[in-house]
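Have a look at the structure below, then the notes.
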Amino acid sequence: MSDSKPPETSDFDLDRALAALRGRKHALICTHDNPDPDGMAAMEGMRVLLDRGGTRGTLGLGGIIGRAENRAMVQVLGIPMVPMDRIDPGNFDLVVLIDTQPGAGNNSLPTDLRVDVVIDHHPQRHDLPFDIQWCDIRPAIGASSTIVFTYLRRCGVPIDKRLATAFLYALKTETRDLAREASPAERSAYLELMGLADHELLQRIASPKVPREHFAALQRAIARTRVVGKLLLCDLGELDYPDLVAEVADLLQRYQGARWVLCGGHHQGRGVLSLRTDHRDGGAGSVMKAIVAHDGTAGGHGMIAGAQLAAKNPRGAATTEGFVACAERLVAQLGLSDEEPGRLVLDEG
Ligand SMILES: [Mn+2]
């Protein structure tokens, strides 16, 4: 690395923002539901930063941490998360939202709660409240963790092995080892974190032991996958945990014929979708918004997007219909209506 300081990528005034929060006692720090490593590492980094200024932070957990790697991350690194249903937002004099935005539809904060701090790398929502005190949204950056990492560096806050490992795992997964939507800021942070992280812990997070059910879920996923030209469609139906759709989408993207993957399912009556593309400027976020239309909320970037479909009935039947409707719109949008759908693999026996 030629320069020890990560490149500053926005004119955001960190010193002023921190000064404005001086005197706050207790911060509620949240990310999107069913949090991923980027959201969790960025929250933990923010907790460390605020703690230095005398503000104690509580990390709120909306949804569940399902993916085995993410559960291992929380356990191995001891990231202290508290389920949102055990939190009274009224007990906090500071509310921080990271890797999501108010009104995005993918977080468990009450919609009428005033949010003081928003840190995100998704495109800025048009309906964002005007009174957000600290609003640092940088769509050109590949991960929210990178933004928080640069804060800590700017303030000279030491990044210990534990936090460095969290940040590095976040960057590895969010950018697929810098190959997906990584900016120069991610490359710079990644290189620095390589020297700070505990690689033995990292390995324990990246390859955790998984139960039999995990393999059963993958078997079901592969058996249900349909190939429509360059598009793979997989409706997983009832999900053990919501972020299984992202996990399976990542897995299916490795198929050599796949340029696009849409994976869906439902959990507690709520539909979830995950979209991936190999195209660097595929506009996955806007494609997802278009195919979800008025059936739910969607967000994402160029190569990766997610969506939540509104619950239509508690048994989830309508969410399967929801997947089919979105899949049909995607097939049409990609110009694949004339393709004959086929199975990815044939059933055994
Ligand atoms: Mn992120």
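The values are calculated or read from the model by the stated rules, or taken from the named source; none is laboratory data. The model shown is predicted, which means the values in this text are computed figures rather than measured ones. For neighbour counting, all protein chains shown are included, and Cβ atoms are generated from backbone atoms with ideal geometry for every residue, glycine included.
Within region 178-205, the residues that satisfy the criterion of being touching a residue at least 60 places away in the same chain (Cβ under 8 Å) and farther than 25 Å from HIS279 by Cα are LEU191, GLU192, LEU201, ARG204, ILE205.
Of everything in region 115-131 that is modelled with pLDDT under 95 and farther than 22 Å from LEU309 by Cβ, the residue that is nearest to the ligand (Cβ to nearest atom) is GLN124. Within region 21-37, residues that are assigned by TED's automatic domain parsing to the domain that holds THR175 have Cβ atoms under 6 Å from residues that are part of a strand (DSSP E or B) and surrounded by fewer than 24 Cβ atoms within 10 Å (Cβ to Cβ) in these pairs: ARG24/LEU94; HIS26/ARG56; ALA27/GLY57; ALA27/LEU94; LEU28/THR58; LEU28/VAL95; ILE29/GLY57, counting only partners at least 6 apart in sequence or on another chain. Residues that are in the same structural domain as ARG47 (by TED's automatic domain parsing) and β-branched (Val, Ile, Thr): does region 212-229 have at least one? Looking for residues that are in the same structural domain as ARG47 (by TED's automatic domain parsing) and β-branched (Val, Ile, Thr), one finds none in region 212-229, hence no.
Quick one: would you say LEU236 is under 19 Å from GLU321 (Cα atoms) and not polar (S, T, N, Q)? So that I can check it myself, show each step before the final result.
On the way: under 19 Å from GLU321 (Cα atoms): yes; not polar (S, T, N, Q): yes.
Yes; evaluated as a whole, the condition is true for this residue.
The residue that is surrounded by the fewest Cβ atoms within 10 Å (Cβ to Cβ), counting only those in region 76-103 that are over 23 Å from PRO242 (Cα atoms) and more than 16 Å from the ligand (Cβ to nearest atom), is ASP88. If you go through region 25-57 and pick out every residue that is surrounded by 18 or more Cβ atoms within 10 Å (Cβ to Cβ) and away from the ligand (no atom under 16 Å from the Cβ), you end up with 8.
Would you pick out the residues in region 172-206 that are aliphatic (A, V, I, L, M) and touching a Ser or Thr at 6+ places or on another chain (Cβ under 6 Å)?
Correct list: ALA182, ALA185, ALA189, ALA197, LEU201, LEU202.
ALA179 falls short on exactly one of the conditions (1) hydrophobic (A, V, I, L, M, F, W, C); (2) part of a helix (DSSP H, G or I); (3) out of contact with any Phe, Trp or Tyr (no Cβ under 9 Å at 6 or more places or on another chain), and that condition is (2).
With the requirement that a residue be assigned to a loop (DSSP other than H, G, I, E, B) and crowded, with 20+ Cβ neighbours inside 10 Å, what does region 184-201 give you? Give the steps one after another, and end with the answer.
First pass over region 184-201, keeping only residues assigned to a loop (DSSP other than H, G, I, E, B): 197-198.
Within region 184-201, ALA197 is the sole residue that qualifies.
Residue count for region 132-176, restricted to those that are among the acidic types (Asp, Glu) and within 15 Å of the ligand (Cβ to nearest atom): 2.
SER144 fulfils the conditions (1) over 19 Å from the mean Cα position of the chain (by Cα); (2) crowded, with 18+ Cβ neighbours inside 10 Å; (3) among the hydroxyl-bearing types (Ser, Thr, Tyr) except for a single criterion, (1). Taking first residues from region 129-145 that are in the same structural domain as GLY302 (by TED's automatic domain parsing) and free of Cβ contacts under 8 Å to residues at least 24 places away in the same chain and partners that are of a type in the set (A, V, I, L, M, F, W, C) and within 14 Å of the ligand (Cβ to nearest atom), no Cβ contact under 8 Å between residues at least 6 apart in sequence or on separate chains turns up. The residue pairs whose first member lies in region 164-177 and is on the phi > 0 side of the Ramachandran plot, whose second member is of a type in the set (D, E, K, R) and within 12 Å of the ligand (Cβ to nearest atom), and whose beta carbons are closer than 7 Å, counting only pairs six or more residues apart or on different chains, do not exist in this structure.
Of the set (1) buried (at least 21 other Cβ atoms within 10 Å of the Cβ); (2) at pLDDT 95 or above, all apply to ASN106 but (2).
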